[in-house]
Each structure stands twice: as C-alpha cells, then as structure tokens.
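Taking it in order: structure first as structure tokens, then the write-up.
Any read-out appearing in this document is the output of simple, stated calculations on the displayed coordinates, not a laboratory observation. Please read all numbers here as calculations on a predicted model, not as lab measurements. Here the Cβ positions follow ideal geometry from the backbone for every residue, glycine too, while neighbour counts run over all protein chains shown.
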Ligand code: UD1
C-alpha cells in the first residue's frame with residue numbers, strides 16, 4: 001500500500017495552481033444524464049472520485065471520453081437506470097444520479113450507501129423531496145427505487161440545507177411539469193456552478209447561492225461546453241499548509257470570495273493574506289495563534305477544512321476550541337495527530353486543542369480524504385520524519401498532492 005514519507009520543517013515558497021472543484025464536477029457529471037446533446041466539461045480534476053463518477057454514468061449508458069482535464073460526454077441511446085453496488089460503495093455522491101434519472105427516465109434503482117467514516121449521512125431529505133414532486137419511493141433489500149409517471153413542480157422546504165439534496169432536487173425539477181421552489185437550500189458555490197451548467201443546457205433556474213431556488217421545468221435540455229469553478233477546499237488546504245509549515249506562497253486560480261471564512265480564520269491565527277489579481281498570497285507568522293472555530297453550512301466555515309485547521313491548532317499558541325456541527329463523527333484525525341504529540345481532548349462534537357511548541361514525526365493513518373490532508377500538513381510542520389498511510393483517501397480529492405508540494409520546497413515522497 002502506498003504511503004507518504006515527509007521530512008518536516010521545510011519552508012514553502014513559490015506559487016501553486018488550484019484545479020477544478022471536485023464537488024462541482026461530480027453533480028455536473030450526474031446532470032449530464034439530463035442532456036440530449038453532447039457535453040464538454042473543462043478544468044476537470046484527475047481524481048479517483050471523478051473516475052468513479054465517470055464509471056457510474058458510463059454504467060448507466062453515457063459515453064465518456066477524457067483528454068487531460070477535458071471530459072466529453074455523449075448522451076445514451078439507451079439508459080440502464082441502476083447504479084452498480086460496488087460503484088455506489090466507492091462514492092456516496094453517486095446518489096446524485098437519482099434526481100436526473102427520475103427527471104428524464106422516470107425511474108432509478110440505487111444501492112443504499114452504507115455507513116461512512118464521518119457519520120451516518122442519511123438520504124431522507126433527497127427522498128422526501130423527490131416524493132413531494134410525485135415520485136413513488138420504495139426501499140427494500142438495501143436498494144432504493146424511485147418511479148414516477150412524470151414529476152410535478154411543487155414547493156419544498158429542506159429541514160437542513162443539505163448540499164446533495166439541494167443538487168438532486170434541482171436536477172429532478174429541471175424537466176418537471178411547472179415550477180418547483182426549494183426553500184432552505186444549501187448555498188455552496190458548487191450549487192451555483194450546477195445552476196449555471198443546467199442553464200447552459202437550456203434549463204430555467206434562478207436563486208442558487210441564496211436560500212431559495214426557483215426551477216421552471218422545461219421540455220428538453222441540450223448539450224453545453226462548460227468550465228467548472230476552482231476547488232475552494234484544495235485552495236484552502238494549500239493555504240493551511242503554508243500557514244502551518246511556514247513560508248510565502250501565491251495560490252493561483254482560486255476565487256477568494258468562496259474562501260472568506262477560511263481566510264478570516266487563517267488571518268485570526270496570524271497569517272498575512274493578500275488578495276492579488278492572480279491569486280491569494282499567504283505569508284506565515286513566526287507562530288500561529290489559537291482560535292475558536294465552528295463548522296457551518298456555507299458561507300460558514302467548511303467542514304471539509306475542519307481537519308486541516310485542527311492540524312494548525314495543534315501548534316498554535318494557546319487553547320483552541322473547534323466545533324464540528326455538520327458531521328457527527330468527523331474527529332478521527334485527532335487520534336492520529338495525538339501520535340505526533342498533539343494535545344487534543346474531544347467531547348462529542350467539540351475538540352479542545354492546547355497548542356504545543358512543535359509536533360514530532362511519527363507513523364499515522366488517514367481515515368478519510370480531508371483527514372489525510374490534515375495529516376500531510378501535520379507532517380510538513382513536524383520535526384523529523386512522518387509516514388502517512390491511507391494515501392488512497394488523499395487521491396480521491398487531491399491530484400498528485402505530493403508532487404505539487406515538492407515544487408514549493410516540501411520534502412515529501414510517495415513510497416510503495
Ligand atoms: C457535500 C460534499 C462534502 C461536504 C458536505 C458538507 C459533495 C460531493 N460532497 O456532501 O464534501 O463535506 O457537502 O459541506 O459535494 N443529511 C441528512 N439527510 C439528508 C442529507 C444530508 O440528515 O438527506 C445530513 C448529513 O448526514 C450531514 C449533513 O446533512 O450531517 C450535511 O450533508 P450534505 O450537505 O448532504 O453533504 P453531502 O452532499 O453528502
């Protein structure tokens with residue numbers, strides 16, 4: 001199994017370019033099931049999750065070709081509206097095909113995703129919304145089936161602004177009869193990107209980025225040529241790495257307005273941040289300061305940056321309090337950070353972190369994607385050598401992370 005070997009304590013200098021957003025690519029690839037024309041998607045990151053999503057839409061019948069960071073997808077003459085179980089197990093976001101399949105083909109069958117490393121992650125909001133639009137949903141023997149004689153526009157209130165449920169319902173509603181209004185929707189930039197893509201196909205959607213989205217059903221969606229937004233979590237991870245390891249780096253091709261909460265917290269920790277025309281520059285302080293931080297739906301602090309900021313807190317001067325309000329079980333990285341000398345106490349969804357002067361290298365194992373990023377950051381900050389196992393998780397969301405960090409001066413290598 002691959003692992004990363006990091007010799008910590010190297011300053012990071014230079015510039016690094018951010019790739020396209022994984023969490024924008026995945027729903028947009030699912031939305032291609034709605035299109036009757038060819039779709040070209042640009043700036044698609046080369047990631048394991050994107051490969052699995054390509055396998056999902058291929059298994060459903062679409063033709064998918066990849067050329068570098070461009071994906072060309074042709075509509076299917078025949079759709080097989082059932083997601084194979086082994087693909088669903090690898091990628092929870094494959095549940096995003098439910099809305100498009102129901103909207104266009106009036107039927108879907110997907111395996112129920114099992115428990116997940118960061119919490120139970122139910123799908124009740126997706127299913128309640130689809131049922132409100134006129135779908136008959138049945139759950140049996142580990143599968144969910146949805147069928148309809150034709151979805152109808154309606155008003156739906158989401159109990160929680162779930163990203164996936166907002167996306168599934170938006171996609172289902174694009175071809176429904178009449179107008180659908182979604183209230184208390186997630187406001188993430190990736191939802192705005194999905195709206196822009198669907199509108200490029202000929203959809204009539206407005207309001208994404210706010211808490212109410214209005215979708216006027218149309219008869220048909222055609223093809224489009226579309227470029228996805230940069231990955232704000234990747235950008236945030238690079239910025240956190242520089243803040244922790246020390247250095248002066250320009251993170252290129254990212255949108256600062258998508259990162260306001262992260263930039264505010266890094267500034268509070270003492271980093272100097274300058275917004276430039278070509279990116280975000282971060283200059284690290286001699287020592288980070290402790291802060292309090294709580295994850296919230298966008299535009300609040302993203303849960304996908306919580307592990308990375310926890311890594312920084314381990315060496316910040318003072319006591320930090322970190323609250324995880326989105327996922328119930330997303331502190332597994334704390335135990336690994338402790339192996340490197342971190343002082344972290346966990347009580348339910350609250351972590352109290354007493355900053356130590358320095359971490360010391362050791363052997364750690366990542367339990368999920370962002371935990372892996374946090375452990376890489378910890379390895380860059382630590383004195384001595386750190387081995388990070390579970391690198392497969394990292395490749396789900398970061399393209400050649402170690403190669404790109406090497407270019408900034410990090411001493412990090414992949415070994416098999
Ligand atoms: C998306 C992101 C993920 C990010 C998360 C929260 C993608 C592909 N993934 O995941 O990286 O961490 O948003 O920002 O975009 N919930 C329910 N019932 C539902 C749906 C969700 O209770 O029907 C709960 C979940 O258990 C979780 C919370 O809502 O506690 C947030 O989930 P959601 O916003 O749906 O996240 P995802 O779309 O799965």
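Listing for the model above:
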item: Highest to lowest packing among 150-158, 27-35, scored as the average C-beta count within 10 Å; result: 27-35, 150-158
item: Ellipticity estimate at 222 nm from DSSP helix runs (n ≥ 4, -39,500 (n - 2.57)) divided over the chain, nearest 500; result: -9000 deg cm²/dmol
item: Tail fraction, Cα-Cα pairs, region 226-359, threshold 20 Å, whole percent; result: 42
item: The chain pair-distance distribution - Cα-Cα, 10 Å bins, rounded %; result: 5, 23, 31, 24, 13, 4, 0
item: Spin-label pair residue 260/residue 78, simplified geometry with 7 Å Cα→Cβ offset, distance in nm; result: 5.1
item: Highest to lowest packing among 61-72, 376-387, scored as the average C-beta count within 10 Å; result: 376-387, 61-72
item: Extension reserve of the residue 227-residue 385 stretch, reckoned as 0.36 nm per residue once the Cα distance is removed; result: 52.9 nm
item: Global form of region 171-231, assessed from the alpha-carbon gyration tensor, a/c cut-off 1.5; result: oblate
item: Distance from region 64-117 to region 274-350 (C-alpha centre basis), Å; result: 33
item: Extended-chain gain in nm, criterion 0.36 nm per residue less alpha-carbon gap, residue 345 and residue 360; result: 3.5 nm
item: FRET efficiency, residue 267 to residue 46 (Cβ-Cβ, R0 25 Å, nearest 0.05); result: 0.20
item: Segment residue 212-residue 112, extension gain: residue separation times 0.36 nm, minus the distance between their alpha carbons; result: 33.2 nm
item: Cα-only radius of gyration and Dmax that characterise region 273-352, units Å; result: 13.7, 42
item: Relative packing of 47-53, 138-144, which averages over residues the other C-beta atoms within 10 Å, highest first; result: 47-53, 138-144
item: GNM top mover of 189, 230, 77 - the chain, alpha-carbon springs below 10 Å; result: 77
item: Gyration tensor verdict on region 318-393 (Cα atoms; rounded if a/c is under 1.5, prolate if a/b is larger than b/c, oblate otherwise); result: oblate
item: The chain: relative contact order as a whole-number percent, Cα under 8 Å and 6+ apart; result: 21
item: DSSP beta bridges in the chain [antiparallel fraction, %, rounded to 5]; result: 70
item: Label-to-label distance, nm, for residues given as residue 86 and residue 323 (7 Å Cα→Cβ offset); result: 4.4
